[in-house]
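The values are calculated or read from the model by the stated rules, or taken from the named source; none is laboratory data. In this text the structure is predicted, and so the values were computed from the model without any measurement. Cβ placement follows ideal geometry from the backbone for every residue including glycine, while neighbour counts extend to all protein chains displayed. Quick note on the areas: whole protein, heavy atoms, side chains included, nothing else; ligands and nucleic acids left out. Shrake-Rupley method; radii C 1.70, N 1.55, O 1.52, S 1.80 Å.
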Amino acid sequence: GQRLLRVDVRPVAYVANTQSLERGKYLFNSRGCVDCHGATGGGREFLNDGKGLRLAGPNITPGDGKVVARYTPEDWVRVLRHGIKPDGRPVFVMPSEDYNRLTDADLGALLAYVRSLPPQAGGEAVL
């Protein structure tokens with residue numbers, strides 16, 4: 001079977017004031033989130049060789065049935081900083097080595113921004 005990883009993490013505070021949301025939006029747009037998840041967070045195809053190889057990032061907007069719908073604050077930290085899904089499986093594509101270096105304040109701002117996005121159509125990752 002697939003290996004499962006357990007990493008204990010501490011949640012970061014989500015601060016949803018104007019300054020924090022603006023910082024979160026800046027980080028979302030400048031740190032590569034848009035490359036896989038799209039400008040609206042609804043997911044984006046970022047590789048298609050025309051021969052069947054496709055990669056698309058999942059929809060990370062809030063709402064029932066979305067990939068992140070049941071994420072706890074700890075799940076967000078684990079997936080972003082360590083590339084580990086809530087069930088312990090590794091994320092296929094996630095630049096965790098970059099996000100691991102974000103301060104708690106920046107990570108909290110990024111998460112507050114993502115959680116503020118309006119729900120979008122879109123589904124799970126395509127691998």
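Points worth noting:
- Within the stretch 94-115, the residues that satisfy the criterion of being in a helix (DSSP H, G or I), surrounded by fewer than 16 Cβ atoms within 10 Å (Cβ to Cβ) and touching a Gly at 6+ places or on another chain (Cβ under 9 Å) are GLU97, ASP98.
- For the stretch 7-18, the condition of being touching a residue at least 60 places away in the same chain (Cβ under 8 Å), more than 14 Å from SER116 (Cα to Cα) and outside any loop (DSSP other than H, G, I, E, B) holds for none of the residues.
- Considering residues of the stretch 48-81 that are without any contact (Cβ under 8 Å) to a residue 12 or more places away in the chain and farther than 19 Å from GLN120 by Cβ only, the residue most open to solvent (accessible area, probe 1.4 Å): LYS51
- Among (1) farther than 12 Å from ARG31 by Cβ; (2) touching a residue at least 40 places away in the same chain (Cβ under 8 Å), the one test that PHE92 misses: (2)
- Among the residues of the stretch 16-32, those identified as out of contact with any helix residue (DSSP H, G or I) (no Cβ under 6 Å at 6 or more places or on another chain) and open to solvent by less than 70 Å² (accessible area, probe 1.4 Å) are SER30, GLY32.
- Residue that is nearest to ALA13 (Cα to Cα) [pool: residues in the stretch 69-93 that are aliphatic (A, V, I, L, M) and at pLDDT below 95]: ALA69
- Filter result (surrounded by 14 or more Cβ atoms within 10 Å (Cβ to Cβ) and of a type in the set (Gly, Ala, Ser)) within the stretch 33-47: GLY38, GLY41, GLY42, GLY43
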